[in-house]
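Below is one structure, written out as structure tokens; comments come after it.
The values are calculated or read from the model by the stated rules, or taken from the named source; none is laboratory data. Computed from a predicted structure; not experimentally measured. Note that each Cβ is placed from the backbone with ideal geometry, even for glycine, and that neighbours are counted across all protein chains shown. To get the accessible areas, we keep the full protein, side chains included, count just its heavy atoms, and leave off ligands, DNA and RNA. Shrake-Rupley method; radii C 1.70, N 1.55, O 1.52, S 1.80 Å.
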Amino acid sequence: MAAGGAAGPGGTVRGPNGPAPAAGAVERQPDRAADRGTRCRDDGAGRAGAGAGPGCAGDPAADRARGDLSVAGVVDAECLGGGGDPPGRGAGGAMARFVITGTGTDVGKTVFAAGLCGMTGAAYWKPVQSGLAGNVPNAALTGDAPGQHSACTGRTPTTRAALTDVAQPGSDRAEVEQLSGAPTHPEAVMLREPLSPHRAAELEGVEIDAEALTPPPGARLVIEGAGGVLVPLTRQILFADLFARWQIPVVLVCATGLGTISHSLSAIEALRARGVPIHGVAFAGDPNGDNMATIGQIGRVRVLGRLPHLARLDRAALAQAMRDNFRAEDFA
Ligand SMILES: Nc1ncnc2c1ncn2[C@@H]1O[C@H](COP(=O)(O)OP(=O)(O)OP(=O)(O)O)[C@@H](O)[C@H]1O
Ligand SMILES: C[C@H](N)[C@H](N)CCCCCC(=O)O
Ligand SMILES: [Mg+2]
């Protein structure tokens, strides 16, 4: 099988023939910090208010000034149960761009991302897709469909466009379209194997060019990573490094059940250590008030809400669950 890997807007895959052109790549619009002056608050429903007080623990700039890159240590009394970094607003308060990451794979990032797109009218972008739903290899890249596989190398612009214009069934992009109707951007990189992207790329004889992964333009954008915060894009570069370069606030999707405290706090620490702005935590799963409060308090992060498991997962049910459990203004 020939080397694979699809290159679309905003990214390239390096292969034996060198980097593919980053078709459609554009300058990222800056995301300006805002709402620094507001205090943490809790609305009584387990959701903390949007905005940390100046110098609150949880502000990476303040953390760095203190030399404190850990979630452990002194908890700022003003920020108990809240905290978090400023919302992802840009000039004029018009920007609302968020990275959705999580404590690991299958934690519910795509479903939450779809809900958030539906609630806020944001577009969706998954820069790197490895495998498809159910952890099966990416059918578009098996070579069964002549032309598509070469498109995945990024060497044939015409067929690459044909591949990326339509969401691949089973991709996170397709799930978001189905669950929200939101506009979606083509993936920058599509890899066949349902593995960590660095390894899936290696198996196709290519390397992801993380430098070329540039978010598409747009004031309202939801970007989903792959797996957890420290998943490698290459053997040198992790997703959290990419998020640090982008400086787009992240929403960390965390499970609610046993084991989540350590997973969540570890992820928060890894993000803070790299200076990634943390917008807040979105929980996914059954109620567990103490786990949620504990992560909010010790992690000094804003708890944005909890998306319950939906017995029937469709667009209407997801939209209702988002309305019931999150506040659109927390993502404005
Ligand atoms: N709130 C929910 N209600 C019902 N099912 C859900 C919910 N959230 C997630 N799921 C299901 O759980 C599985 C994993 O969710 P999801 O695909 O969102 O995980 P992910 O974190 O995006 O994984 P990946 O790392 O592969 O991108 C999917 O089958 C999804 O449909
Ligand atoms: C295949 C899976 N559904 C995701 N696309 C990629 C998850 C990578 C996880 C890597 C790891 O943490 O071990
Ligand atoms: Mg996903």
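Annotation note: Cβ proximity below 6 Å between a residue of the range 164-189 that is in contact (Cβ under 8 Å) with a residue 24 or more places away in the chain and closer than 12 Å to Tyr124 by Cα and a residue that is within 13 Å of ligand 3 (Cβ to nearest atom) and among the basic types (Lys, Arg) (sequence gap 6+ or interchain) occurs for Asp172/Lys126; Arg173/Lys126; Thr184/Arg173; Glu187/Lys126. Of all the listed residues (Gln168, Gln236), the sole one being buried (at least 20 other Cβ atoms within 10 Å of the Cβ) and part of a loop (DSSP other than H, G, I, E, B) is Gln168. Of all the numbered requirements in (1) within 12 Å of ligand 1 (Cβ to nearest atom); (2) surrounded by fewer than 21 Cβ atoms within 10 Å (Cβ to Cβ); (3) closer than 23 Å to Tyr124 by Cα; (4) touching a residue at least 24 places away in the same chain (Cβ under 8 Å), Leu252 misses one, and that requirement is (2). Against the definition (modelled with pLDDT of 95 or more, part of a loop (DSSP other than H, G, I, E, B) and surrounded by fewer than 19 Cβ atoms within 10 Å (Cβ to Cβ)), how does Pro146 come out, yes or no? Judged against the criteria, Pro146 is not a match. Among the candidates Gly275, Gly280, which residue alone is at pLDDT 95 or above, open to solvent by less than 40 Å² (accessible area, probe 1.4 Å) and closer than 18 Å to Ala113 by Cβ? Exactly one of Gly275, Gly280 is at pLDDT 95 or above, open to solvent by less than 40 Å² (accessible area, probe 1.4 Å) and closer than 18 Å to Ala113 by Cβ, namely Gly280.
Given Asp330, Asp290, Asp286, which one is in a helix (DSSP H, G or I) and open to solvent by 70 Å² or more (accessible area, probe 1.4 Å)? Quick ask: steps written out before the conclusion?
Numbers: Asp330 fails: open to solvent by 70 Å² or more (accessible area, probe 1.4 Å); Asp286 fails: in a helix (DSSP H, G or I).
Of the residues listed, the single one that is in a helix (DSSP H, G or I) and open to solvent by 70 Å² or more (accessible area, probe 1.4 Å) is Asp290.
Gly275 meets all of the listed conditions (1) without any contact (Cβ under 8 Å) to a residue 12 or more places away in the chain; (2) part of a loop (DSSP other than H, G, I, E, B); (3) not β-branched (Val, Ile, Thr) but one, namely (1). Among the candidates Leu258, Leu195, Leu252, the residue that is in a loop (DSSP other than H, G, I, E, B), out of contact with any Lys or Arg (no Cβ under 8 Å at 6 or more places or on another chain) and within 16 Å of ligand 3 (Cβ to nearest atom) is uniquely Leu195. Among the residues of the range 301-320, those identified as in a loop (DSSP other than H, G, I, E, B) and either within 16 Å of ligand 2 (Cβ to nearest atom) or under 30 Å from Val276 (Cα atoms) (or both) are Val301, Arg302, Pro308, His309. Between Arg300, Arg245, the distinction of being surrounded by 18 or more Cβ atoms within 10 Å (Cβ to Cβ) and either among the basic types (Lys, Arg) or without any contact (Cβ under 8 Å) to a residue 24 or more places away in the chain (or both) belongs to Arg300 only.
Give me a count of the residues in the range 214-233 that are within 16 Å of ligand 1 (Cβ to nearest atom) and either in a loop (DSSP other than H, G, I, E, B) or of a type in the set (S, T, N, Q) (or both).
Residues that pass the stated criteria total 8.
So in the range 110-125, with the set limited to residues that are open to solvent by 10 Å² or more (accessible area, probe 1.4 Å) and touching a strand residue (DSSP E or B) at 6+ places or on another chain (Cβ under 9 Å), which one is nearest to ligand 3 (Cβ to nearest atom)? Before you say what the answer is, go through the steps one by one.
The first filter runs over the range 110-125 and keeps only residues open to solvent by 10 Å² or more (accessible area, probe 1.4 Å), leaving 110-111, 118-121, 123.
Narrowing the set further to residues that are touching a strand residue (DSSP E or B) at 6+ places or on another chain (Cβ under 9 Å) leaves 110-111, 120-121, 123.
Details: Thr110: 3, Val111: 8, Thr120: 18, Gly121: 20, Ala123: 16 Å.
Among those residues, the one meeting the criterion is Thr110.
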